[in-house]
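A short worksheet on the structure shown next.
The values are calculated or read from the model by the stated rules, or taken from the named source; none is laboratory data. Quick caveat, the model's predicted, so the values are computed rather than measured. As a convention, Cβ positions derive from the backbone with ideal geometry for all residues, glycine included, and neighbour counts pool all protein chains shown. Only protein heavy atoms, including side chains, enter the accessible area calculation; ligands, DNA and RNA are left aside. Shrake-Rupley method; radii C 1.70, N 1.55, O 1.52, S 1.80 Å.
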Amino acid sequence: MSVSWGVALDGPELYAAARLLDEGERRRAAALRDDQAQRRFVSAHAMLRILVGQRLDLDPHLLAFAPRGAYGKPELVHHAFRLHVNIASAGDRVVCGVTESGPIGVDVESHSVIADANRFGELDRILLTPAERRVLGELEDRVGALTRWWVRKEAVLKASGEGLTIEPTTLQMSAPDEAPQLLGWQGRPVPALWMSDLDVGDGYEAAVVVVT
């Protein structure tokens with residue numbers, strides 16, 4: 001498995017990265033109204049092409065990806081070698097994961113976004129189970145804890161292919177200061193997962209999950 005992260009590109013580096021994308025990816029990037037979102041999109045998709053190209057010993061230009069599912073999860077097409085891939089971005093961070101082992105989900109989020117979303121104390125009710133909310137009440141860094149829970153749950157749901165069509169409160173996770181683990185999933189058995197937190201710099205949390 002390969003997992004890489006970086007800062008969204010700008011200037012000449014962004015221009016060079018955009019040249020790696022195909023016409024469909026460039027159209028999708030141009031359709032984004034926010035300049036930072038465009039930078040993240042181009043940076044993440046270029047990183048994905050470079051990682052997969054290195055893995056398959058192919059020119060990144062020759063690769064074809066198609067968005068799949070409700071959230072456009074990228075999927076490598078027209079190639080006999082099966083690779084599972086996923087990308088995520090937030091703020092000025094981009095994360096990319098590639099593996100042969102099974103469906104993969106990666107997620108990254110900034111503390112500032114979660115702090116803003118939870119200004120009125122509503123996010124914890126949308127994100128956490130009652131047991132997790134009790135744990136949250138005992139923690140000093142509530143924003144950091146909520147952000148870590150968020151990326152862990154989002155990575156699980158992205159690996160499953162369902163994304164936020166599934167309520168995050170149906171997932172029971174380990175405490176944010178413990179090793180990441182899916183303890184329960186309401187209405188279904190817990191799948192076999194490999195999970196890890198990622199260090200992508202101060203002010204951010206990130207996680208990767210692979211269905212094994």
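Given contacts defined as C-alpha pairs under 8 Å and at least six residues apart, what's the relative contact order of the chain, whole-number percent?
Values: 388 pairs, mean separation 39.9, N = 212.
That works out to 19 percent.
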Worksheet, complete the sentence: With Cα coordinates, the longest principal axis of the chain makes an angle with the long axis of helix 142-160, in degrees rounded to 10, of 60
Discussion item. Ignoring ligands, DNA and RNA, please state the percent of accessible area on the chain from carbon and sulfur, probe 1.4 Å.
Written reply: 50
Fill in: Table column - 3J(HN,Hα) (Hz), the stretch 60-65, Karplus curve with 6.51, -1.76, 1.60, x for Gly and Pro
x, 5, 7, 7, 10, 10
Worksheet entry | Solvent-free Debye scattering, log10 I(q)/I(0), computed from the Cα coordinates of the stretch 155-212 at q = 0.21, 0.28, 0.31 Å⁻¹ | -0.87, -1.38, -1.50
Item to complete: Amide H neighbours of Tyr204 under 5 Å, at least 5 residues apart or on other chains, H built in the peptide plane: list them.
Response: His111
Worksheet, complete the sentence: The ³J(HN,Hα) series, computed from each phi in the stretch 102-118 with the Karplus coefficients 6.51, -1.76 and 1.60 at θ = phi - 60°, rounded to the nearest Hz and given as x for glycine or proline, is x, x, 10, x, 10, 8, 9, 8, 8, 4, 5, 5, 5, 4, 5, 5, 9
Discussion item. Give me the percent relative contact order of the stretch 41-156, please, defined on Cα pairs under 8 angstrom at least 6 residues apart.
Written reply: 18
Item to complete: Could you state how much accessible area Arg133 has, in square angstrom rounded to the nearest 10, with a 1.4 Å probe and all protein chains kept in place?
Response: 90
Worksheet item: If the chain between Ala37 and Arg133 were fully stretched, how many nm would it gain, using 0.36 nm times the residue separation less the Cα-Cα distance?
Response: 31.4 nm
Worksheet item: Could you work out the helix-only [θ] at 222 nm for the chain, with each DSSP H run of four or more residues adding -39,500 (n - 2.57) and the total divided by the number of residues, to the nearest 500 deg cm²/dmol?
Response: -11000 deg cm²/dmol
Worksheet item: Are there GluC sites (Glu not before Pro) in the stretch 122-198 that DSSP puts in a loop and that have at most 15 other Cβ atoms within 10 Å, and which ones?
Response: Glu122, Glu138, Glu140, Glu162, Glu178
Worksheet item: Can you run phi through the Karplus equation (6.51, -1.76, 1.60; θ = phi - 60°) for the stretch 73-86 and list ³J(HN,Hα) in whole Hz, with x for Gly and Pro?
Response: 4, x, 9, 6, 10, 6, 8, 5, 7, 7, 10, 9, 9, 7
Worksheet entry | Exposure ranking of His61, His111 by accessible area [1.4 Å probe, largest first] | His61, His111
Response to the item:
Per residue, accessible area of the stretch 40-117 with a 1.4 Å probe, heavy atoms of protein chains only, in Å², comes to 42
